[in-house]
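A short reminder: the numbers here are calculations on the coordinates, not readings from a lab. Computed from a predicted structure; not experimentally measured. Note: ideal-geometry Cβ built from the backbone for every residue, glycine included; neighbour counts use all protein chains shown.
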Amino acid sequence: MLGDDAELTAAVLAAQDGDETAFRTVYRAVHPRMLGYVRTLVGDPDAEDVASESWLQIARDLDRFEGDADRFRGWAARIARNRALDHIRMRGRRPAIGGDETELTGKPALSDTADEAMEALATGDAMALIAQLPQDQAEAVVLRVVVGLDAKSAAQTLGKRPGAVRTAAHRGLKRLAELLGAESSRATNAPGSLGAVPPPRQPSTSTVTSAGVTQSRTRTQKDM
């Protein structure tokens, strides 16, 4: 355990002992990714409020947490998800689920998706595209890639089997790649883009008639 994970683990331990500066360090390390996850559940207008409620519970229950940085991320994500689902129930709307859960649990993932996800999410517009995925796929992608949980921790957060989470993430990433490709294609073919440059015009020569009017004609091979 090196780098950021070691620092986060140390900050969590210090925060449990009442170090307010350490708690701020934990917040800065975890909040941006957690907020992105909450946005996939409740949408942008309510995400900040739900995230704030989540941090109030995290602060209240922190002394009961045990584990390292990775376990803390999973624990915080479960709290955020519970607060988000409570918020959704209060609004009287359930999150959309893409497909049958039993179908996902019966099929293993084709591959580990972490590297593929990082490539797919290398754009500022990625979160907006993730919001277009079915809810189960969006959650799996965000937990695995944005929050940084492994399949087991993500599965515990979602109450699913690791294989189901890997499959949902894989399908979500495949769909995300299609959406990214469509966005790129539209940008390339938009007016003014390089992909929309009209074919070059044929060079022409000008002649002057007896009436003084200049006329243009396309140069032919005979003229060359």
Item checked: In range of the label at Glu7: residues from the range 61-79 whose backbone nitrogen is under 16 Å from the point 7 Å along Cα→Cβ -> 69-70
Notebook entry, point to check: So if R0 is 35 Å, what FRET efficiency would Ala182 and Arg28 give, r being the distance between their Cβ atoms, rounded to the nearest 0.05?
Noted result: 0.50
Check: Across the range 53-58, in residue order, what do the Karplus-derived ³J(HN,Hα) couplings come to in whole Hz, using 6.51 cos²θ - 1.76 cosθ + 1.60 with θ = phi - 60° and x for Gly and Pro?
Finding: 4, 5, 5, 4, 5, 4
Margin query: Please compute the length gained on full extension between Met127 and Arg89, using 0.36 nm multiplied by the number of residues separating them and subtracting their Cα-Cα distance.
Written below: 11.3 nm
Check: Any idea how far apart Asp44 and Arg71 come out in nm if each label point goes 7 Å out from Cα toward Cβ?
Finding: 3.8
Item checked: Relative pair counts by distance (%), Cα atoms of the range 1-91, 10 Å bins -> 18, 50, 26, 6, 0
